[in-house]
Structures are given as C-alpha cells and as structure tokens.
Amino acid sequence: MFVTNHVLAGALIGNRYPDRPVTAFLAGVGSHLAMDAVPHWGCDVSAPGGPERFFRVARRDGLLGLAVVGSVLLLTDRRRRVATAAAVFGSVVLDLDKPVEHCFGVNPFPDVVQRIHGGIQRESRDGMPVELAAGALLAFADAWMAVEIRRKTRARLRPLGGGQGRGQEPGRDPLRRMGPLRHPGERAGARAHAP
C-alpha cells in the first residue's frame, strides 16, 4: 500500500489508543502487514523502466505522506499526539527498507522481517484503484474521527447544567435574575431621578 494510506491508518490507531503509545506502535505495525496483504499497486522493478516508474510514484507518495504526517500531528490533540506519532511510525516503519536500500544500498531489517514483509505482499500493476479507494476511505474515517473527538471534547467541557455558560440553566436568561439595572448610587426600590 502507499505510505500515505499507512499514515492515515496510523492516525486512526493512535487515536484509538491515546494513552498507550507502545500498543499504538505495535497496532500500527500490525495494520501495515494487514494492509499489505490486500491486493494493491506495485510494479515489476526488474522490468525495463520498472525502477524509474516505481520511484516516480514512490516520490510523490512519500511527499504526500510527509504532508499528511505533519497535518495529522499538528491537528491531533496534544494528549493524543505521542500515541498518534507512535502509531504512524509503526504503520510506516516496514516501508523504510525501500528508501534506505535505495540511498545506502543496505536493507535495515533482518532477514526474517524481510521474508515476512515480502511474503505477504500482493502487488499488481492494476492495483491503483484499490490504493485510491483505500486512501479516500481512510481520509474520510480520519476526518470523521477528528470531528467526533472535537464534539465529545466540547460536550465534556460543557457545564454539568447543560447550559451555554457556567452555571446557566438551559433556556434561562442569565441577566434576568439580576433584576432591573440601577445607577451605582441608587438603592433597590428607590425611584430614579431625572438628571
């Protein structure tokens, strides 16, 4: 799957485990493996022009993924930010093999991790619609989650009385209980004097 899709999944996971960054990280890694088992886009890098085609798409996806990471972390409530960052990192860490291998000529993961990650891949040249549909669905789910979190936070911050202001009862005018407005030197019940 595209890195951007993994990032979007990681954002959902991080908000599911806001107080447990280690759990969020592990769930992010698990989501990566599950998503890579779904048929998705890939190209034969051994074919003529394959590496160029792969890196052209990967470069765009990587830049978009970085922008989404920045947006997710910027918009995430600070109490959830550590877990969300851990989940996002967990959801993309297995794909760091490609840029590291491309830049430094070495795969950073042990053979067993490479075998597991490579063995579950179901890549296809025809998998682009799956990638785009998954990205749209995950982006919608992230947006919906953000709205729900904001709504619940506002409801939690609302006073227990359910009114619009502190200690205000619903449907009551807070100024009404103050009575009529008086001049600072005027006593209650006294008539106002004309100037």
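I need a count of the residues in segment 21-67 that are surrounded by 12 or more Cβ atoms within 10 Å (Cβ to Cβ), outside any helix (DSSP H, G or I) and at pLDDT below 90.
Final tally of qualifying residues: 5.
Which of the residues that make up segment 84-112 are free of Cβ contacts under 8 Å to residues at least 24 places away in the same chain and assigned to a helix (DSSP H, G or I)? Let's see the steps before the verdict.
We begin by selecting, within segment 84-112, every residue free of Cβ contacts under 8 Å to residues at least 24 places away in the same chain; these are 96-97, 100-101, 103-112.
Scanning segment 84-112 gives Leu96, Asp97, Val100, Glu101, Cys103, Phe104, Asp111, Val112.
Residue-wise test of (1) at pLDDT 95 or above; (2) closer than 26 Å to Val38 by Cα; (3) surrounded by 13 or more Cβ atoms within 10 Å (Cβ to Cβ); (4) within 25 Å of the chain's Cα centre (by Cα).
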position: Arg79; (1), (2), (3), (4): no, no, no, yes
position: Asp97; (1), (2), (3), (4): no, yes, yes, yes
position: Val106; (1), (2), (3), (4): no, no, no, no
position: Asp111; (1), (2), (3), (4): no, yes, no, no
position: Ala136; (1), (2), (3), (4): yes, yes, no, yes
position: Ala143; (1), (2), (3), (4): no, yes, no, yes
position: Ile149; (1), (2), (3), (4): no, no, yes, yes
position: Lys152; (1), (2), (3), (4): no, no, no, yes
position: Ala155; (1), (2), (3), (4): no, no, no, yes
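Are there any pairs, at least 6 apart or on different chains, whose C-beta atoms fall under 9 Å, with the first in segment 132-161 and under 16 Å from Val72 (Cα atoms) and touching a residue at least 24 places away in the same chain (Cβ under 8 Å) and the second of a type in the set (D, E, K, R) and part of a loop (DSSP other than H, G, I, E, B), and if so, which?
Matching pairs, first to second residue: Ile149/Asp77; Ile149/Arg80.
The values are calculated or read from the model by the stated rules, or taken from the named source; none is laboratory data. Worth saying up front: this structure is predicted, and the values here are computed from it rather than measured. Positions of Cβ are backbone-derived with ideal geometry, glycine not excepted, and every protein chain shown enters the neighbour counts.
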